1. Can you give the Rg/Rh ratio of the stretch 1-102, where Rg is from the C-alpha atoms and Rh is the Kirkwood radius?
2. Using DSSP, restrict attention to beta bridges with both residues in the chain and report what percent are antiparallel, rounded to the nearest 5.
3. Expressed as a whole number of Å, what is the distance separating the alpha-carbon centroids of the stretch 86-113 and the stretch 1-56?
4. Could you provide, to the nearest whole Å², the per residue accessible area of the chain with probe 1.4 Å?
5. How large a share of the accessible area of the chain, in percent, is made up of carbon and sulfur atoms when the probe is 1.4 Å and the other protein chains stay in place?
6. Mean separation of Cα pairs under 8 Å and 6+ residues apart, divided by the residue count of the chain: what relative contact order is that in percent?
7. Tell me which residues come under 5 Å, amide H to amide H, from Asp147 once H is placed; ignore anything under 5 positions away on its chain.
8. Could you report the accessible area of His110 in Å², rounded to 10, computed with a 1.4 Å probe on the protein chains as they sit in the structure?
Amino acid sequence: MLNIAVFASGQGSNFRAIQEAILAGNVRNATIVLVISNNSDAGALELARSYGIPAVHCSRKQFQGDEEFTTKLSKILEQHGANFIVLAGYMKKIDSSLIRRYKNRMLNIHPALLPAFGGAGMYGMHVHEAVLAQRATVTGATVHIVDEEYDRGPIVLQREVNVSPDDTPESLSKKVLRIEHELYPEAVRLFAEGQIEIDGEHVKVLNAR
Ligand code: GRF
């Protein structure tokens, strides 16, 4: 059983997509036990409350140092029995000790086809601006395992969308987000059903839909 902690800083539409897939019975053996945000105003926290899911605001700013902050995060995760982490628009760096503790059990979604358009500065609208600036004809979304190399962890699933000549960063972000809402629940389903085999950097998806 996946007991998922979702980390989110923003509106939480990916969190919603996963939760709805669980409620609809499309993702079994998984439950979201907690949503954590660094941002007390995050729509994701509001959304969590509306689902009756514990919503916790926990920010580095509330602590003296990184270590204290990470210790608190770990405690919160333990208290809620989280054994899996889903980053869904979480805008802060995760400490490597936590990444190691949740090795192969921490996912992220990125709004492009990694390794393209990933890395430093590639977040939010910057990603779509870069795609258009490079005149790429295809972009998409990537779900990957989080390791200590930013945006570089093993790829679990990717899906493409076409870039049309009249796309703007905003229209592209909407198109990609729609794809994300299919891809992320699907990735969680595969983990929940034990359909993912990880061998170092290599991810084998046993039964994709
Ligand atoms: C998504 O585009 C995701 O790829 C990126 O942050 C955004 C989060 O959107 N990591 P939402 O808060 O899930 O709506």
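The values are calculated or read from the model by the stated rules, or taken from the named source; none is laboratory data. For clarity, every value in this text was computed on a predicted model and none was experimentally measured. Just the protein is used for accessible areas: all its heavy atoms, side chains included, with ligands, DNA and RNA removed. Shrake-Rupley method; radii C 1.70, N 1.55, O 1.52, S 1.80 Å.
1. 0.95
2. 50 percent
3. A separation of 15 Å, based on Cα centres.
4. That works out to 50 Å² per residue.
5. Working: 4920 of 10550 Å².
For the chain, the apolar C and S fraction of the accessible surface comes to 47 percent.
6. 20 percent
7. Arg152, Gly153
8. The accessible area of His110 comes to roughly 10 Å².
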